[in-house]
Structure formats: C-alpha cells, structure tokens
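In what follows, a single structure is set out as structure tokens and then discussed.
No lab work stands behind these numbers, since they all come straight from the coordinates. Since the model is a prediction, treat every value here as computed from it, not as a measurement. Ideal geometry is used to build each Cβ from the backbone, glycine not excepted, and the neighbour counts take in all protein chains shown.
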Amino acid sequence: MNDLLKKLVSGLDQNPPLTEEQFHTILRDIPVNFPSDYLAYMKEFNGGEGVIGENGRYVRFWPFQELLEANEDYAVDKFAPGLFFIGSDGGDTAIGLKKEEGFFIEVPFIGMSDEEAVERGGTFTDLLIFLSR
C-alpha cells in the first residue's frame, strides 16, 4: 500500500483483517475486478469509517465479508446492475465501482441507477483524494 493511501486513511477506525484464505474466498465470489490499491487497503484494514484527510468527508467502507450481503440488501443488481457498492457517506450516498469500467463512483441510494453514478476516480487513491477535499 502506498504512502499517500496510508496517509489518507490514517484517520479511519479500521476493522480487523481477514485471513488470507478468507479474503481470497470472498474475492472469488465478487463479480468485480477491483483496482489493486483497493485490494491492498482491504487486505490490511478490511474497511473502516471516519473522516478522510483533515478536512474531508465522512465515509464508511464496508468490511470485505459484508460487501455481497450489503449489495443484495440494497438491491443493487435490480436498480443499478452495472454498479457494485463498497460503502457509503453514512447518509444518502453510496460509494462503489462501475463493474465494467472499474472506476469508483458515487450514486444516491434513493433513485439509484447506472446513469446517476458520478465518476470519482480510477483508483482507490484517486477516490480518497476526491473525498479528502
């Protein structure tokens, strides 16, 4: 994990990491090709919540083992089949990825659709930089 990414997530309350076996078992079942910096973050910290950077936004990145269930609970495949959620802003906005393009997005939970998704970065680090402003 790069130094900038570590700095950006340093204020988050992190979750206990999964074992390597647990991580890869879950990863195998998720229909997304995640950027490598997101996978590095999840391997080390398994999600977390708090404010990004000194003046950034509040976020909650869901633990890896909760991703599939959370996407099912929000009926993402029904309302926005091209998206996969990885967390939220703790309010009305989901944070996720466009499955095919592989870039990070934000989209409102209410009225969610593929068309409403707004690109926020091609890497997890890019997303965190955006959220830190």
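A compact table of results
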item	result
Sorted by Cβ neighbour density within 10 Å, fewest at the top, the residues T125, T25	T25, T125
Of (i) 21, 18, 13; (ii) 34, 13, 12; (iii) 56, 22, 10, the label for semi-axes √(5λ) of the Cα gyration tensor in Å derived from the coordinates	(i)
Residues whose placed amide H lies under 5 Å from that of L83, excluding near-sequence neighbours	K99
Net charge of Cβ neighbours under 13 Å - reference L39; Lys, Arg +1; Asp, Glu -1	-1
Length released on extending from E72 to K99, taking residue separation times 0.36 nm less the Cα-Cα span	8.2 nm
Label point distance in nm, K6-E115, each placed 7 Å from Cα along Cα→Cβ	4.5
Stretch gain in nm, segment Q65-K43, where the contour uses 0.36 nm per residue and the Cα spacing is subtracted	6.8 nm
Simple Cβ-charge dipole of the chain, Lys/Arg +1 and Asp/Glu -1, about Cα centre, in debye nearest 20	320
